[in-house]
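Taking it in order: structure first as structure tokens, then the write-up.
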2 protein chains.
Amino acid sequence: MPAPTKRPSYHHGDLTTALVREGVAMARDGGPGAVVLREATRRAGVSPNAAYRHFADRDQLLGAVRVEAEQALAQAMQAEVEAVEAGTRGSPAELAAARLRATGAGYLRFARSEPGLFRTVFAEGAHRTAPGAVAPSESVASAPLRVLSTVVAEGTAAGLLPPIQDGDVDVVAWSAVHGLASLILDGPLGGLPDDATDRVANLLLAVVVTGLAHLPR
Amino acid sequence: MPAPTKRPSYHHGDLTTALVREGVAMARDGGPGAVVLREATRRAGVSPNAAYRHFADRDQLLGAVRVEAEQALAQAMQAEVEAVEAGTRGSPAELAAARLRATGAGYLRFARSEPGLFRTVFAEGAHRTAPGAVAPSESVASAPLRVLSTVVAEGTAAGLLPPIQDGDVDVVAWSAVHGLASLILDGPLGGLPDDATDRVANLLLAVVVTGLAHLPR
DNA sequence: AGATGATGTTCACAGTGTCCACATGACATC
DNA sequence: GATGTCATGTGGACACTGTGAACATCATCT
């Protein structure tokens, strides 16, 4: 009988979460492509095929990892937004603007400090709706989108942002900041230094906010 | 002796370009991940290792494919820009605005009609400067950026866009449109229908242009 | 206690990138 | 024209991946 050198019991206990945890670690340094099933099981001290009792295939594991990464992103945004509260100065509109900027800044900070996880969130195919899942029209909006939506709603209430088609402001703001992050990570904006990033990001946000405010109506 | 059923000569003639061509075909349907070295050699009717006489490794082949994809993107943008000329109506500023919109529209059209190639352009690591290459500060700006820059310069000359820090307008505009394309292809904006895409894209561009014009100075 | 279903293991296979040694052929030099 | 040299293509091998099928172990319910 092979001595149970590692695990006391034959069963792992909670392989699912263990695999996801390892997967996140691998995604953290290496991006979505580095999430390799066999390596995850190895780190969990388990045979390769054990993973298949918990995930249909590698893609499903990656999907689970993606969810974690997405939540981490949302958390980074939220944290940056809440940090604004401290210096509570200026009009409601000014505060809303500051929080909107913070949302973008948090997004970009996360992209730069956790490029692997950020790339994982937007890994090709990762967003494909699982065939068995319910059609996620808007019901299960992603966590990052919820953070943004909240801030945008405040901005609208404060009169900072125009009350146009619901959700459009979110998409515009998100696109702008996401595009910058993408171009920095995997585009020709390569290793832009941090201060340049912040400078451009601020310009970008200023342009978006001003543009939204002065929209021809 | 194995009859030379296929090639008349033992040598291929131009394996390098053949491999790139096949690589592009694979990237076209399947994205960067679908560019697999062995399959490329197979399609070229050559043994797997023949590729190594022309490319150091798979990444280098992918890099060559990426360059092709990038040029295709630039071409799509250019074509859309030139299509504007036809209806030459309105002031220079209006024309410049139309061309700017066209640039963005071309970008998005390409992303949606050639998602595989588009993803390949921004494949992870693909933009890493080849170790042997010259430092590409600005000298070898990518083809898409050159197209955009030209249009932006015209817009600046026409008074549509403000004469701020050189290149910043380009980055802002590029980020906005690229972000939208990314979110549609690999983000939660999933399979947004074409008309919705155009609607949002136009809003996005309107916001950017208006924002730039009304920038606090 | 015994059956049963969940969880891990083993064995196996196809497919990938890449290394090394060898074969082939184009071309320059005597 | 024979000969040597170098670029190009081949064959075999290895480590690695995802994944399927059959078997082993264990927790739990009756």
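The values are calculated or read from the model by the stated rules, or taken from the named source; none is laboratory data. All figures in this text were calculated on a predicted structure; none of them were measured in a lab. No Cβ is skipped: glycine too gets one built from the backbone with ideal geometry, and neighbour counts run over all protein chains shown. SASA here: full protein model, heavy atoms, side chains in, ligands and nucleic acids out. Shrake-Rupley method; radii C 1.70, N 1.55, O 1.52, S 1.80 Å.
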Revision key, fill the gap. Log entry, pairs with first residue in region A:193-217 being more than 9 Å from chain B (Cβ to nearest Cβ) and more than 15 Å from residue A:176 (Cβ to Cβ), second being of a type outside the set (A, V, I, L, M, F, W, C) and open to solvent by less than 40 Å² (accessible area, probe 1.4 Å), beta carbons closer than 8 Å, six or more apart or on different chains, reads A:217/A:162
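Checking the condition surrounded by fewer than 21 Cβ atoms within 10 Å (Cβ to Cβ), more than 16 Å from DNA strand D (Cβ to nearest atom), away from chain B (no Cβ under 14 Å) and among the charged types (D, E, K, R), which residue from A:82, A:94 passes? Spell out how you get there, then give the answer.
Details: A:94 fails: away from chain B (no Cβ under 14 Å).
A:82 is the lone residue from the list that is surrounded by fewer than 21 Cβ atoms within 10 Å (Cβ to Cβ), more than 16 Å from DNA strand D (Cβ to nearest atom), away from chain B (no Cβ under 14 Å) and among the charged types (D, E, K, R).
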Review point. Tally time: how many residues in region B:34-63 are under 16 Å from residue B:12 (Cβ atoms), more than 6 Å from DNA strand C (Cβ to nearest atom) and aliphatic (A, V, I, L, M)?
Key: 6
Review point. Taking region A:158-175 as the search range and keeping residues that are of a type outside the set (Val, Ile, Thr) and touching a residue at least 40 places away in the same chain (Cβ under 8 Å), which one is surrounded by the most Cβ atoms within 10 Å (Cβ to Cβ)?
Key: A:173
Point to revise | Which numbered condition residue A:33 misses (of (1) more than 24 Å from the chain's Cα centre (by Cα); (2) open to solvent by 30 Å² or more (accessible area, probe 1.4 Å)) | key: (1)
**Study point:** Qualifying residue in region B:150-157 (condition: part of a loop (DSSP other than H, G, I, E, B), open to solvent by 40 Å² or more (accessible area, probe 1.4 Å) and either in contact with a strand residue (DSSP E or B) (Cβ under 9 Å, 6 or more places away or on another chain) or more than 9 Å from chain A (Cβ to nearest Cβ) (or both))
**Key:** no
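Can you pull out the residues in region A:42-54 that are under 13 Å from residue A:16 (Cβ atoms) and more than 8 Å from DNA strand D (Cβ to nearest atom)?
A:44, A:46, A:50, A:53, A:54, listed by residue number.
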Study note, to complete from the structure: In region B:190-213, anything within 26 Å of residue A:121 (Cβ to Cβ) and crowded, with 22+ Cβ neighbours inside 10 Å is listed as B:200, B:201, B:204, B:205, B:207, B:208
